[in-house]
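This report concerns only the one structure given below.
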Amino acid sequence: MLEIKGLRANIGENEILKGIDLTVNKGEIHAVMGPNGSGKSTLAQVIAGHPAYEVTAGSVTYDGQDLLDMEPEERAQAGIFLAFQYPVEIPGVTNAYFLRSAYNAVRKARGEEEVDPLEFLDVMEEKMKLVDMDPSMLNRSVNAGFSGGEKKRNEIVQLAVLNPRLAILDETDSGLDIDALRIVADGVNKLRTPEKSAIVVTHYQRLLNYIVPDFVHVLAGGRIVKSGGKELALELEEHGYDWIQNEQSAAGAGSRA
Amino acid sequence: MTQPETAVDHYVGMFESLDHAEAGGAGELRRRAMDRFAGLGFPTMKNEDWHYTSVAPIATRSFNRTGSPTSLSAGELDQYLFDSPDWTRLVFVDGWLAPELSSVHDHPGVQISDLSSMLREGGKVPQLGTIADHETVAFTALNTALMQDGAVITVAGNVEVAQPIHLVFLSAHPVPQAASFPRNLVVLEKGARATVIESYVGLRDESYLTVSVTEIALGEGARLEHIKVQNESAGAFHVATIQARQERDSDLHSFSYASGAELSRTNVNTLLDGSGSSCTMNGMYMVSGSQHVDHQTSIEHAQPNTTSREIYKGILDGHSHGVFNGKVYVRPEAQKTDGKQSNNNLLLSDHARVDTKPQLEIFADDVKCTHGATVGRLDEVALFYMKSRGLDAEQARTLLIYAFAADVLEEITVKPVKDALEAAVFARVRGGKLEMASD
Amino acid sequence: MSTAIESLVNREYQYGFVTEVEADTIPRGLNEDVVRAIAAKKDEPEWMVEWRLKAYRRWLTMTEPHWPNVTYGPIDYQDMIYYSAPKSVKPLASLDEVDPELLRTYEKLGISLTEQKFLAGVAVDAIFDSVSVGTTFKEELGKQGIIFCSFGEAIQSHPDLVQKYLGTVVPHSDNFFAALNAAVFSDGSFCYVPKGVKCPMELSTYFRINAADTGQFERTLIVAEEGSSVSYLEGCTAPKRSGNQLHAAVVELVALDNASIKYSTVQNWYAGDAEGVGGIYNFVTKRGKCVGVNSKISWTQVETGSAITWKYPSVILQGDNSTGEFYSVAVVNNRQQADTGTKMIHIGKNTKSTIISKGISAGRGNNSYRGQVKVMPRATGARNYTQCDSMLIGNECGAHTFPYIEVQNDSAMVEHEASTSKIGEDQIFYCKQRGLNAEHAISIIVSGFCKEVFQNLPMEFAVEAQQLLGISLEGSVG
């Protein structure tokens, strides 16, 4: 479904991604872990097409299409969803209006009928239950005045409504207490189907107790330095990121010898 | 409002009577400025910059430039000074340097001279007249034509002057309707740091006029703390302009305090002409009786990543009239400008009046600019709260007025000045009312 | 702007068509004979002619003001046509008699003058160039004693009311353009709501400039008697023409004890093309007077059209406890210029005013908020809150804020806040990541920015205003 090859990306003068290779197949969940500053959020943003990042080398294909050639909204319409680490506030625009606009834009791109506000309300009611969201949130401005936990839950409501094929969760667990984490993870799990894939970007292993990945990749210094199954996350939890970095430098020293 | 023909002619005549030696190295500059003043005349209230301040009281009187300072003994000054012996102090009496009252501490890399002797020796003063606008601003033109004396301060690159330099302008004119025209120039070269304080004080109650101009040039990374304290006596008319030009990463901290004069107008303007430059422009005015106090500030963001912060506070009692006009301009190239401005006014009397015009003019899209203005009286709820804690009404009012002023006075980094101004506020606020400054 | 924001194509101004009608037009130029000719066309009584002449003579002594933050070439007042009316319009005719060509024009503008078809609950006075084409629901309103008719008709049928209130809020000598209007105004709407009556429907005037080279000078007078209330809407469009046309209207509102008037405008005059050729000069004097105690006047405006907009809908808060409100969205794109805001003059005790202004600048437009809050010495307990926010889209436009706060009473509380910001790249990216294109993203963010104003518009107008805003900003990013 998603194939990343040799991806390099800069922000300004700084190279953040220094050659990423990653393949995500239908139905798979990949966890991308790594210390702060390793480039994991950058990877998520580049897949979504954030204009601040410049791709300098490599390719990303999505269902055979050149993803890097697509505008962010085309990627979204093609079924890529990014749950933001820091969801953006849009004062004065209600969640209901925002989400219906997005929902209809995605439907229109798929050649489906747009829905009217009443039909949309039905869609929303069901999805909001997924993450235990109060219906009054529909009339509040997008993320404005939301607590950290509410913002993250709101991302998952949007995920549920827009029903993407590839979901990217960028540190969705950060800033959540354990109850909120469980609610969010439950929501994600309920949306899981064999047709859909996800990339879960996280610093901590604890989210992966709830959203169990098929593969775990460790990102450090802009490269994937280790990949494995879900047990790799537990090892990381136990030994910390230094363990990987030490292992890397040991391997590096060895190869020079 | 028409002004008498003679108002301008009077000053033209005064200019013509300057002797050649006195005009000195600035003869051409003076001539040009006089021509401009004659062309401009005194501003009227139709001029947007003078919308709320009538200069008729100045234009209809014939003030005369004094030729020499009144002789004073050091003891007569003490009550007006808040400096300490290790500060450099230049005292100008009636516009002229009084060497016997001044003391200059030598500091490597620092040149402090008086303008009049520099010009008298036929010398040129680099940058003089290149920063303040004598082409379109009448009072700057008038000062430039008739400038007497003042400090010329140059601080060499990366030199830090730890002790403040205090410029004291005393008016002790023995005759009424006297005028002085102080002129200062402060140049901080790359990375230099200094503190300059200007105090304006009047010793007599007769009406007199002060028209001053201070030009400031800040080189790359230079930092100037500039404080102006206006404590003119009750009959004074005071028009002052402080005009700065800032190169990259330089920082100007300006504070303007005004509590004296029958009519005062202070212009504080800066051009943020280098990327990363910043300014803090604060001020406080406190007037009563029939005083009129006007502040006009202009911050021009001309380059990217420039920052400005501005807080002006006013306390008005009696029949006084306060005016604030703060302009913030952001030029198209000044992306990432960050500007904040506020003006808060406290009215203590139902006859006091305030006109405020905070103004934003923005031509760049990636900026964060806010401004705010408030006018109000003491918070009834806070007064009640304090009384319920046992304070009497006068104490409560005094404390609240003081608290209103305190947060902007807090910003003054030169402690003796801060203490002196705090004391001045306390001294003047008695029983929750403002006493006249000269009392 | 970010390269990610694709350039958008300008959509045509959809109201730019011209109606072919035979017009009764007086020759170009202005003098006392022209003033008399306009009065004669309208068969006006002598007192009205005298009032016009008095204004004209005053106007001759005045000079065109140039203090706003706008620039334009000189206006030749002798090269303008001051009266043009479709020949088919008969004074005081019923709606059944309206020229079908004119009805079609209004249909195209989305305004049906056939009562059965028109939005229930909105009565319309349709003004075409210098005359009123017709007024709907007149009879139904008449049952409650509400007078809603063209100004011309009011002069004939209700001279006592017109004489009592005309010029009491905006005197004939008020300013250059108000004096010009008083001399040559051709029509407009008149509305009178009697004591205790709550007007059961929205009243609306739709202004259409059609003829070339004419100035439009209409005059509106609304009087709300004690305890009454009325909500009034105003819309405006004009054909695309390469010359500039002057629109110098005057609106006077009078609210007596406990009365309330809500006046909403969606202004969509032709704005000129992308290079600034053509468009309407919209120089308008709008003022309301809260004469009575507890009265209220509320202005809401959405200004998207006109090459130059220059207007300050104001409230004189004379009655104790009276309230004035001003809610404004002003959008400039391409070469448009707007200098708009309000004046709140607090005279009575415990008077309150609220000002919410949202300015959006795009293209090479310049947008100025200019507002005066004046608290007079006797206005004990006066309160004002002002918030004016500006948003810039692109780097060739300007946003300016000129508040004038003048307080002469120590018990007053006046607060002014203003901010300027850009649309966040992050906000746009967030919207795009949810599948919205750049144009849609900006329109959503901008309508969020303007929400506090839109929610004060009557519902039918709110929808139109939001759509207009989207259209006005097209092509502004890229």
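The values are calculated or read from the model by the stated rules, or taken from the named source; none is laboratory data. Computed from a predicted structure; not experimentally measured. All Cβ positions, even for glycine, are placed from backbone atoms using ideal geometry, and neighbour counts span all protein chains on display.
Filter region C:378-398 down to the residues that are facing chain B (nearest Cβ under 9 Å), in a loop (DSSP other than H, G, I, E, B) and either within 20 Å of the chain's Cα centre (by Cα) or hydrophobic (A, V, I, L, M, F, W, C) (or both) and list them by number.
Result: C:Cys397, single match.
Tally up the residues in region B:81-118 that are of a type in the set (Ser, Thr, Tyr), in a loop (DSSP other than H, G, I, E, B) and out of contact with any Leu (no Cβ under 9 Å at 6 or more places or on another chain), please.
So the count comes out to 1.
Select from region A:47-73 the residues that are within 12 Å of another protein chain (Cβ to nearest Cβ), in contact (Cβ under 8 Å) with a residue 24 or more places away in the chain and on the phi < 0 side of the Ramachandran plot and list them in ascending order.
Passing the criteria: A:Ile47, A:Ala48, A:Ala52, A:Tyr53, A:Glu54, A:Pro72, A:Glu73.
Would you point out which residue out of B:Leu391, B:Leu409 is surrounded by 14 or more Cβ atoms within 10 Å (Cβ to Cβ), more than 14 Å from every other protein chain (Cβ to nearest Cβ) and without any contact (Cβ under 8 Å) to a residue 24 or more places away in the chain?
When all the criteria are applied, what remains is B:Leu391.
For C:Val375, all conditions in the list (1) more than 9 Å from every other protein chain (Cβ to nearest Cβ); (2) more than 17 Å from C:Ser361 (Cβ to Cβ); (3) buried (at least 24 other Cβ atoms within 10 Å of the Cβ) hold save one; what is the number of the exception?
(1)
Within region B:364-380, which residues are closer than 26 Å to C:Thr380 by Cα and either basic (Lys, Arg) or part of a loop (DSSP other than H, G, I, E, B) (or both)?
Those that are closer than 26 Å to C:Thr380 by Cα and either basic (Lys, Arg) or part of a loop (DSSP other than H, G, I, E, B) (or both): B:Arg377, B:Leu378, B:Asp379.
Taking only region C:107-146 into account, find how many residues are modelled with pLDDT under 75 and among the basic types (Lys, Arg).
Final tally of qualifying residues: 2.
Give the residues of region C:424-446 that are more than 7 Å from chain A (Cβ to nearest Cβ) and either buried (at least 24 other Cβ atoms within 10 Å of the Cβ) or of a type in the set (Ser, Thr, Tyr) (or both), sorted by residue number.
C:Ile428, C:Cys431, C:Ala441, C:Ile442, C:Ser443, C:Val446
I'd like to know if region A:31-38 contains one or more residues that are away from chain C (no Cβ under 14 Å), of a type in the set (Val, Ile, Thr) and farther than 21 Å from C:Ile445 by Cβ.
yes
Given (1) in a strand (DSSP E or B); (2) within 11 Å of chain C (Cβ to nearest Cβ); (3) surrounded by fewer than 24 Cβ atoms within 10 Å (Cβ to Cβ), where does B:Glu300 come up short, assuming only one miss?
B:Glu300 satisfies every listed condition except (2).
Can you run down the residue pairs with Cβ atoms below 7 Å, 6 or more apart or on separate chains, where the first is in region B:364-380 and facing chain C (nearest Cβ under 7 Å) and under 22 Å from B:Gly276 (Cβ atoms) and the partner is part of a loop (DSSP other than H, G, I, E, B) and of a type in the set (Val, Ile, Thr)?
B:Ala364/B:Thr337; B:Val367/B:Thr337; B:Cys369/B:Thr337
Go through region C:115-227 and tell me which helices (runs of 4 or more DSSP H), entirely inside it, have 3 or more residues that are surrounded by fewer than 19 Cβ atoms within 10 Å (Cβ to Cβ).
Qualifying helices (runs of 4 or more DSSP H): C:138-142, C:159-165.
Collect the residues in region A:121-168 that are more than 14 Å from every other protein chain (Cβ to nearest Cβ), assigned to a helix (DSSP H, G or I), among the hydrophobic types (A, V, I, L, M, F, W, C) and out of contact with any strand residue (DSSP E or B) (no Cβ under 7 Å at 6 or more places or on another chain), keeping them in residue-number order.
Once the filter is applied, which keeps residues that are more than 14 Å from every other protein chain (Cβ to nearest Cβ), assigned to a helix (DSSP H, G or I), among the hydrophobic types (A, V, I, L, M, F, W, C) and out of contact with any strand residue (DSSP E or B) (no Cβ under 7 Å at 6 or more places or on another chain), region A:121-168 yields A:Leu121, A:Val123, A:Met124, A:Met128, A:Leu130, A:Met137.
Select from region B:331-340 the residues that are at the interface with chain C (Cβ under 9 Å from one of its Cβ atoms) and closer than 17 Å to B:Gly372 by Cα and list them in ascending order.
The one that is at the interface with chain C (Cβ under 9 Å from one of its Cβ atoms) and closer than 17 Å to B:Gly372 by Cα: B:Gly339.
Which count do you get for residues in region C:26-56 that are free of Cβ contacts under 8 Å to residues at least 12 places away in the same chain and farther than 25 Å from C:Ser157 by Cβ?
Summing the residues that are free of Cβ contacts under 8 Å to residues at least 12 places away in the same chain and farther than 25 Å from C:Ser157 by Cβ in region C:26-56 gives 2.
With respect to C:Ser357, is the statement that it is more than 7 Å from chain B (Cβ to nearest Cβ), closer than 18 Å to B:Gln359 by Cβ, outside any loop (DSSP other than H, G, I, E, B) and touching a residue at least 12 places away in the same chain (Cβ under 8 Å) true?
So C:Ser357 fits the description; yes.
If the Cβ limit is 7 Å and pairs must be 6+ apart or interchain, which residue in region B:235-246 that is outside any strand (DSSP E or B) pairs with which residue that is surrounded by 24 or more Cβ atoms within 10 Å (Cβ to Cβ)?
The qualifying pairs are B:Gly235/B:Tyr208.
Restricting to region C:229-259, and then to whatever is touching a strand residue (DSSP E or B) at 6+ places or on another chain (Cβ under 7 Å) and under 19 Å from C:Lys164 (Cα atoms), can you tell me which residue is surrounded by the fewest Cβ atoms within 10 Å (Cβ to Cβ)?
Only one residue fits best here, namely C:Leu256.
Of the numbered conditions (1) closer than 26 Å to C:Ser443 by Cα; (2) aliphatic (A, V, I, L, M); (3) surrounded by 24 or more Cβ atoms within 10 Å (Cβ to Cβ), C:Ile356 satisfies every one except a single condition; which is it?
(3)
Name the one entry in B:Ala26, B:Ala21, B:Ala7 that is surrounded by 20 or more Cβ atoms within 10 Å (Cβ to Cβ), assigned to a helix (DSSP H, G or I) and more than 14 Å from chain C (Cβ to nearest Cβ).
B:Ala26 is the lone residue from the list that is surrounded by 20 or more Cβ atoms within 10 Å (Cβ to Cβ), assigned to a helix (DSSP H, G or I) and more than 14 Å from chain C (Cβ to nearest Cβ).
Go through region C:360-372 and give me each residue that's surrounded by fewer than 21 Cβ atoms within 10 Å (Cβ to Cβ) and in a strand (DSSP E or B).
Answer for region C:360-372, where residues must be surrounded by fewer than 21 Cβ atoms within 10 Å (Cβ to Cβ) and in a strand (DSSP E or B): just C:Gln372.
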